[in-house]
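Asks: To start, I am sharing the structure in question, which I have written as structure tokens.
Every number here is computed from the coordinates shown, using simple stated rules; none is lab data. Bear in mind that the values here come from a model prediction, so they are computed numbers and not experimental data. Cβ sites come from the backbone with ideal geometry, for glycine too, and all protein chains shown count toward neighbours.
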Amino acid sequence: MKIQIINGPNLNLLGVREPEVYGGQSFVDYLERLRVNNPGIEIGYFQSNVEGEIINKIQEAGFESDGIILNAGGYTHTSVAIRDAIKAVTAPVVEVHISNVHAREEFRHHSLLSAVCLGVIAGFGTDSYRLALNALVGAKE
Ligand code: CA2
């Protein structure tokens, strides 16, 4: 099974800034553990601060992988173009958030992406990615 994780803007700062909101661990360290604990799954990782690059990756992985775990960061709340890309591809996409967006500012309560995703996982810290991975494995069985 092949799963692609895509992280959007500012998520390269995980473990470096705002640990009280996003945790103290870098994503690369977390990813290493996720891969070790799921040896049967090929887990790709891509991060970009650029909307078009995220769209290119969704288009690429969306036809050749078994699922995408997407944390579009702030674009979650603004990007019609990322929504269109998710809708266009065949692989299921799980929307993920590290923080509980519904417990934060009102502008984070609405996602343009949720309606075209298989499901949404938010608020479990970086463990949200593991839960999304389990959801995609379960959906394929
Ligand atoms: O909770 C999430 O995963 C978010 O997608 C994170 C986005 C935010 O705009 C969404 O509303 C919810 C922000 C990503 C910023 O990531 C940082 C990580 C560490 C330090 C600073 C920013």
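Asks: Relative contact order for the stretch 2-140: what is it in percent, counting Cα pairs under 8 Å that are at least 6 residues apart?
Replies: Details: 246 pairs, mean separation 36.0, N = 139.
Relative contact order of the stretch 2-140: 26 percent.
Asks: Taking 0.36 nm per intervening residue step and subtracting the Cα-Cα distance, what contour gain separates Asn38 from Arg17 on full extension? Each step should come with its number before you reach the end.
Replies: Numbers: separation 21, 0.36 × 21 = 7.56 nm, distance 2.80 nm.
Length gained, Asn38 through Arg17: 4.8 nm.
Asks: Counting Lys +1, Arg +1, Asp -1, Glu -1, what net charge surrounds Asp66 among other residues with beta carbon under 15 Å of its beta carbon?
Replies: Details: positive: Lys2, Lys140; negative: Glu42, Glu60, Glu64, Glu141.
Value of the local net charge: -2.
Asks: Okay, moving on. Per 0.36 nm of contour for each residue apart, how much would the distance between Asp29 and Asn56 grow if the chain were fully extended, relative to their Cα-Cα spacing?
Replies: Numbers: separation 27, 0.36 × 27 = 9.72 nm, distance 2.52 nm.
Answer, rounded to one decimal: 7.2 nm.
Asks: Still on this structure, please answer the following. Taking H as built 1.01 Å from N, whose amide H comes closer than 5 Å to the amide H of Ser79, not counting residues under 5 places away?
Replies: Result for Ser79 returns Leu112.
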